[in-house]
Amino acid sequence: MPQTDSKTIKAQLKKGEIKNLYYIFGKNIPEVEKLTKQIIKAAVGDNEDFALNKLDGRYLDFSELYDMIQMMPMMTDYNCILINDYNCEKPRENMAGLRADDLNKKLMEALKEIPQQTVVIFNVTGFEISAKTDYRTGRSIIKDKNKKIADYAAKIGELVECPIKTENELAKDIAASVSARGGLISLDNARELAIMCQSDTLTIRNEIDKLCSYAGKNEITSDILHNLVHRQSDVTFFKLADAVAAFNKRSAYDALDELMQDRENRGAVLANITASFIDMYRAACARKSGKQLQDVKEDFSYVWEFKVKNAFRDSSRMSIRRLRKCIVILRDTNIALNSGSGDEKTILEQVVTAMLMTK
């Protein structure tokens, strides 16, 4: 299943090369949306109002789609159709009395003969496609029913994956973006910003705007980052886990205080602390079995590499036995919270104390 990346598609568009069918997917949703807009712009320019048809994949009318595909363009070179979130596993919001295979067959029939003047774009932004990684190419191989339409797009048009970028890739993008605004940030600080934002490109974009407005033409330093950027919760959960691993009582309680300041999400704090320790337990078991960071990332489908890196780093200071004790404490606390009442902050402080006392 040959596929390409967004960089290649953008290069094609600059040359005026437009294909008749695109299928765009991946965990980097902002990039999926951005590439979709660029293809539409290349196909119809500023004439979206009468040259672009936007269809919701959950309510697709195949007869209507066929007619749209055969339409001649008006005042543009192409007739463009965008189909968002058609899921071959569940093509309809309500599947009562319907079979997915029957509906998918109708879709493939409608796509069988796309004329030269029509561009059909499928993009996926509202559900996750089941895929596995091809270790030889580093690309994803679709495993579910969406593979059929993806393969067809690869055959007659373009199949494009937009994966989450690595921290190093994001660091280069951040540095370039800051530079384009007349500012300056080192690659180390750019990487730290990516980690603080959990590699979320939309969050990073907003933080860059704020940082550049504050720093102007001056360098964005580590102190500026830590004073202005709201550290995403998962990073603080790892900060707490790291403090427990190092028996650092002050840092552990500081991290807990930071987490408890988010009053809207207090109910998720215990669950996420537990998740951090499970990450560490997986890393410790992997290390004992001779497995590497990449093995854990692939086996457990981690999106952000920094989570696995943190888990490998922090778990090196804790025995598997101690990690098990901490997870048991967290499990018992969860049961107690769900079956009774009490001040959550007080209970979590007791949990942190109990974990700090484990050996």
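Points to keep in mind about this one:
- Pairs exceeding 25 Å between alpha-carbon atoms, taken from Lys15/Lys155; Lys90/Lys307; Lys132/Lys309; Lys15/Lys105; Lys37/Lys172: Lys90/Lys307; Lys15/Lys105.
- Cβ-placed point charges (K, R +1; D, E -1), dipole of segment 147-214 about Cα centre in debye, nearest 20: 200
- Net lengthening on full extension, Met72/Ala11 (0.36 nm per residue, minus Cα-Cα): 19.3 nm
- Rolling a 1.4 angstrom probe over the chain with all protein chains present gives an accessible area of which 48% lies on carbon and sulfur atoms.
- Dipole axis of the chain (+1 Lys, Arg; -1 Asp, Glu on Cβ), positive-most option in Ser315, Ile335, Tyr214: Ser315
- A helix-only calculation puts the chain at -17500 deg cm²/dmol for mean residue ellipticity at 222 nm, using -39500 (n - 2.57) for each DSSP H run of at least four residues, averaged over all residues.
- Label-to-label distance, nm, for residues given as Lys106 and Glu258 (7 Å Cα→Cβ offset): 5.3
- Only Lys, Arg (+1) and Asp, Glu (-1) charged, at Cβ; the chain dipole about Cα centre in debye: 1500
- The structure-derived value of percent of Cα pairs over 29 Å apart appears in the list (i) 49; (ii) 44; (iii) 55 under the label (iii).
- Its alpha carbons considered, segment 1-73 gives a radius of gyration followed by a Dmax of 13.5, 35 Å.
- The convex hull built on the alpha-carbon positions of segment 305-359 has an orientation-averaged projected area of 4.5 nm².
- Normalised contact order of segment 1-126, rounded percent, pairs of Cα under 8 Å and 6 or more residues apart: 35
The values are calculated or read from the model by the stated rules, or taken from the named source; none is laboratory data. Predicted model only: the values in this text are computed from it and were never measured. Cβ atoms come from the backbone with ideal geometry, glycine included; neighbour counts cover every protein chain shown. Just so you know, the surface numbers come from the protein's heavy atoms only, side chains and all, with ligands and any DNA or RNA stripped out. Shrake-Rupley method; radii C 1.70, N 1.55, O 1.52, S 1.80 Å.
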